[in-house]
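Contents: one structure, followed by commentary.
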Amino acid sequence: MSILAEISEALQKGKRKQVTALVQQALDEGIPAPQILNEGLLAGMDVIGVRFRDNEIFVPEVLVAARAMNAGAELLKPHLAEAGAVSKGKIALGTVKGDLHDIGKNLVRMMFEGKGFEVIDLGVDVAPEAFVKAVQEQDCGIVACSALLTTTMPVMGEVVKALEAAGLRDKVKVMVGGAPVNQEFAASIGADAYTDDAASAADKAAELIG
Ligand code: B12
């Protein structure tokens, strides 16, 4: 079995230590970090997603796989970053209120940081007012919202409205993403940008304010 397949397998079993050891080994072997991320870690998460949907596994198994995913991704972080990046501005990032999914958000944070942005990571379950407060206090140029549930997607629209109400809408760009989100939805709530993966999210952010 290739080392990338081994990473995917170990992640699916939720073996965090094995995942980090294998990711380190893959890096030592000179495999590029984006390939380890896509063909190892994310490939494993895809399988978890399908098995969760089909009721073959349940929340506890998904959680341990998610922890293994985050641990492996942390190791890749310095290798995904561009060397010597100068701060391009601040981004307030969070998973919206009611939503606890943070794997995608964490990847987006890494790619933003890799592009040289300073990220104010508000975490998960973030209320619209908290995004507004971060923009006011930290002078962020971008608000980036993640949502993984169809039930929490509308909160992204509330974030746009809260920024409008606070008189900040002209000062910030709003980016949205997460598996159920698409371009059409982004346009319908008045967001400035949507992308379907973390790397293009960082490119888009640089295009918007870089
Ligand atoms: C892991 C997981 C969990 C974990 C989360 C752990 C964690 N720390 O994140 C746990 C077990 C806690 C969980 C809980 C639940 N989950 Co869940 N979960 C998933 C799963 C399997 C994977 C999600 C994931 O991490 N994907 C990998 C990442 C990398 O992908 P991503 O988030 O989409 O991010 C990428 C892009 O979208 C983009 N991106 C992401 N954010 C942003 C932001 C911006 C600004 C931009 C530009 C781009 C961008 O970049 C990322 C990298 O390329 C999905 C299945 C799936 N296929 O999505 C279900 C899924 C999202 N969950 C689901 C459900 C139903 C739930 C629960 C309600 C289950 C329950 N009965 O309790 C709870 C809800 C808890 C809550 N309130 O949030 C459903 C949602 C269905 C729906 N229509 O809404 C899914 C789709 C599973 C399913 N098929 O039924 N879950």
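The values are calculated or read from the model by the stated rules, or taken from the named source; none is laboratory data. Keep in mind that what you see is a predicted model, and the values were worked out from it rather than measured. Don't worry about glycine lacking a Cβ; one is built from the backbone with ideal geometry, like all the others, and counts go over all protein chains shown.
State whether one or more residues within the range 162-170 are surrounded by 15 or more Cβ atoms within 10 Å (Cβ to Cβ), under 24 Å from LEU76 (Cβ atoms) and either in contact (Cβ under 8 Å) with a residue 12 or more places away in the chain or of a type outside the set (Lys, Arg) (or both).
Among the residues of the range 162-170, not one is surrounded by 15 or more Cβ atoms within 10 Å (Cβ to Cβ), under 24 Å from LEU76 (Cβ atoms) and either in contact (Cβ under 8 Å) with a residue 12 or more places away in the chain or of a type outside the set (Lys, Arg) (or both), which makes the answer no.
Here is a yes/no grid of residues against (1) within 8 Å of the ligand (Cβ to nearest atom); (2) on the phi > 0 side of the Ramachandran plot; (3) charged (D, E, K, R); (4) outside the structural domain of VAL119 (by TED's automatic domain parsing):
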residue: GLN12; (1), (2), (3), (4): no, no, no, yes
residue: PRO32; (1), (2), (3), (4): no, no, no, yes
residue: LEU41; (1), (2), (3), (4): no, no, no, yes
residue: MET45; (1), (2), (3), (4): yes, no, no, yes
residue: ARG53; (1), (2), (3), (4): yes, no, yes, yes
residue: VAL96; (1), (2), (3), (4): no, no, no, no
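Take the residues of the range 54-108 that are in a loop (DSSP other than H, G, I, E, B) and among the acidic types (Asp, Glu): which is nearest to the chain's Cα centre (by Cα)?
ASP102
What pairs come out if I take residues in the range 137-149 that are within 16 Å of GLY123 (Cα to Cα) and touching a residue at least 60 places away in the same chain (Cβ under 8 Å) and pair them with residues that are among the basic types (Lys, Arg) and buried (at least 21 other Cβ atoms within 10 Å of the Cβ) whose C-beta lies under 9 Å away, six or more apart or interchain?
Matching pairs, first to second residue: ALA144/LYS105; ALA144/ARG109.
What about VAL159, is it within 13 Å of the ligand (Cβ to nearest atom), in a helix (DSSP H, G or I), surrounded by 20 or more Cβ atoms within 10 Å (Cβ to Cβ) and touching a residue at least 12 places away in the same chain (Cβ under 8 Å)?
When the stated conditions are applied, VAL159 passes them.
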